[in-house]
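The values are calculated or read from the model by the stated rules, or taken from the named source; none is laboratory data. Note that the structure is a prediction, hence the values are computed from the model and not measured. Here the Cβ positions follow ideal geometry from the backbone for every residue, glycine too, while neighbour counts run over all protein chains shown.
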């Protein structure tokens, strides 16, 4: 694309996106009407229309990401230029094409007439824009510019955040990467030099205000710092570094939201220094994303509480020495999520795949690591509690916090979800770098496979998707700083998690047979990426119960 053509395409892209946004809005209104009872969205009605709601959530995600990608690409202060602009136009065109292709496949299910859809989004102007923007030559140009410029698109960060990124990129390359393959292949534990190094760098205090010993400004959160650090650590090794700061973030945000002053003063400095390593215990064998169904109980005891039951998928639960446990403290089952509270429980730190600890009072906690295909190093445990005692002062929020654990937990989950997007970006970045490097080195039929048109298309599209997702995550970080963007955090987690599977799959495919060998790290990226759509909220629940419902709630009363 020439500079003149790109400028024209920007205007046309924005116009086309406005049309697809209108179509999505019309469809969402129709679904809201279909799924509402007495002016409110009915979950039972939603369950009768799950497929189209899932697709609306996905199309809305792409739509919002495309709109922000265009804004970013034409913001010169972000260091963008012709590469980023071409990427944004291509992504916009793909988005519009996805909207019209999906909805036209079953228009009556979406509550729109086929003739109306054709007139709105299949007109000559949009048809021509899509043909021009998605021309194969444009993907070739993007790939060649990536090679010529030596990067996959400007990160668009200010000087302070770019310094953070470079600092942790170096740490990841020098300290994390040398351990990543060994830990993955042997299902080993995180080496102490990684944890110790991150402690020394103040990494565990990124999400904690300066007044409590962290490095976050007191006057405002800084979610963007968390994102750039998490991405670089995940690029180095997801299972041994990428998730290390997510657990203290979830715990500290719950503390900041609902903790008493005494609890904040006690625990936040310990989390910031790394003296206390956090473990989060929410999921149960029979309850995953349905947090309101939590059944692990905490009953009043002399001077505190005793916990009984089983939690599962508790990442880092062995090494962690401070646990956030979501428990049912109120016996009335009708209270559902309003009967949940959070207890902070201490335990010794253990290495290995199993642990047992018996308290002086007789209470017991046992854990066993769950074998997984990827995401190895931190280990996810199934943990059982048998009359495990927690002092009364460790009830988050004190007596006023009883029954509010669900809400305190949600504060941490928003941060956890955007962190998952950043982790996905780090793994995608590593996979993309590996794919391009291998494509340039590997020759097939007397020339590097990069020189083939299909390979360039794949490299370009992988880079476009990654950059679009990354820039929207940065936007959401700013929203969260202002205590907004809960739905958007879910949206980017949903999107980034799913596209990470495609990006790592294509990176693996570019490696051919060697992509299936453990000799190359790309096989690890592929299995690691699969976890993103499952943890921190399964993609189906995120799409249906959060994104689609939030969208329909806007129109239900109308």
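Tabulated results
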| read-out | value |
| --- | --- |
| Subset of segment 500-520 [modelled with pLDDT under 95 and either part of a loop (DSSP other than H, G, I, E, B) or under 27 Å from residue 490 (Cβ atoms) (or both)] | 517, 518, 519, 520 |
| Segment 260-285: number of residues that are buried (at least 24 other Cβ atoms within 10 Å of the Cβ) and part of a loop (DSSP other than H, G, I, E, B) | 1 |
| Set 354, 382: member being at pLDDT 95 or above, closer than 30 Å to residue 496 by Cα, out of contact with any helix residue (DSSP H, G or I) (no Cβ under 6 Å at 6 or more places or on another chain) and surrounded by fewer than 20 Cβ atoms within 10 Å (Cβ to Cβ) | 382 |
| Residue 303 vs. criteria in contact with a helix residue (DSSP H, G or I) (Cβ under 9 Å, 6 or more places away or on another chain), buried (at least 24 other Cβ atoms within 10 Å of the Cβ) and either modelled with pLDDT under 95 or on the phi > 0 side of the Ramachandran plot (or both) | no |
| From 483, 475, residue being within 25 Å of the chain's Cα centre (by Cα) and assigned to a helix (DSSP H, G or I) | 475 |
| Scan of segment 383-400 for residues that are within 22 Å of residue 284 (Cα to Cα) and in a helix (DSSP H, G or I), ordered by number | 394 |
| Condition check for residue 179: under 28 Å from residue 254 (Cβ atoms), in a helix (DSSP H, G or I) and touching a residue at least 12 places away in the same chain (Cβ under 8 Å) | no |
| Set 157, 224: member being surrounded by fewer than 22 Cβ atoms within 10 Å (Cβ to Cβ) and within 22 Å of residue 68 (Cα to Cα) | 157 |
| Residue match in segment 308-316 (condition: in a loop (DSSP other than H, G, I, E, B), out of contact with any helix residue (DSSP H, G or I) (no Cβ under 9 Å at 6 or more places or on another chain) and under 22 Å from residue 204 (Cα atoms)) | no |
| All positions within segment 354-371 that are part of a loop (DSSP other than H, G, I, E, B), touching a residue at least 12 places away in the same chain (Cβ under 8 Å) and more than 13 Å from residue 314 (Cβ to Cβ) | 359, 361, 362, 363, 371 |
| Unique match (being crowded, with 24+ Cβ neighbours inside 10 Å and closer than 20 Å to residue 411 by Cα) among 235, 247 | 247 |
| Evaluation of residue 403 against (1) within 31 Å of the chain's Cα centre (by Cα); (2) in a helix (DSSP H, G or I); (3) over 30 Å from residue 355 (Cβ atoms) (one fails), failing number | (2) |
| Qualifying residue in segment 78-94 (condition: more than 23 Å from the chain's Cα centre (by Cα), more than 30 Å from residue 158 (Cβ to Cβ) and surrounded by fewer than 17 Cβ atoms within 10 Å (Cβ to Cβ)) | no |
| Residue check for residue 547: in a loop (DSSP other than H, G, I, E, B), touching a helix residue (DSSP H, G or I) at 6+ places or on another chain (Cβ under 9 Å) and within 30 Å of residue 282 (Cα to Cα) | no |
| Those residues of segment 328-353 which are in a strand (DSSP E or B) and under 11 Å from residue 403 (Cβ atoms), in sequence order | 328, 340, 341, 342 |
| Any hit, segment 182-203, residues being surrounded by 21 or more Cβ atoms within 10 Å (Cβ to Cβ), within 23 Å of the chain's Cα centre (by Cα), under 17 Å from residue 252 (Cα atoms) and without any contact (Cβ under 8 Å) to a residue 40 or more places away in the chain | no |
| Meets criteria (crowded, with 24+ Cβ neighbours inside 10 Å, in contact with a helix residue (DSSP H, G or I) (Cβ under 6 Å, 6 or more places away or on another chain) and more than 30 Å from residue 259 (Cα to Cα)) for residue 442 | no |
| Test for residue 148: is it out of contact with any helix residue (DSSP H, G or I) (no Cβ under 6 Å at 6 or more places or on another chain), surrounded by 14 or more Cβ atoms within 10 Å (Cβ to Cβ), more than 21 Å from residue 525 (Cα to Cα) and without any contact (Cβ under 8 Å) to a residue 24 or more places away in the chain | no |
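Residue by residue, here is whether (1) out of contact with any strand residue (DSSP E or B) (no Cβ under 6 Å at 6 or more places or on another chain); (2) touching a residue at least 12 places away in the same chain (Cβ under 8 Å); (3) surrounded by 20 or more Cβ atoms within 10 Å (Cβ to Cβ); (4) closer than 29 Å to residue 499 by Cα holds:
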{"site": "392", "(1), (2), (3), (4)": "no, yes, no, no"}
{"site": "397", "(1), (2), (3), (4)": "yes, yes, yes, no"}
{"site": "407", "(1), (2), (3), (4)": "yes, yes, no, no"}
{"site": "427", "(1), (2), (3), (4)": "yes, yes, yes, yes"}
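Residues are listed down the side, and each one gets a yes or a no for (1) closer than 27 Å to residue 489 by Cα; (2) touching a residue at least 40 places away in the same chain (Cβ under 8 Å); (3) in contact with a strand residue (DSSP E or B) (Cβ under 9 Å, 6 or more places away or on another chain):
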site	(1), (2), (3)
297	no, no, yes
307	no, yes, yes
314	yes, yes, yes
322	yes, yes, yes
330	no, yes, yes
333	no, no, no
340	yes, yes, yes
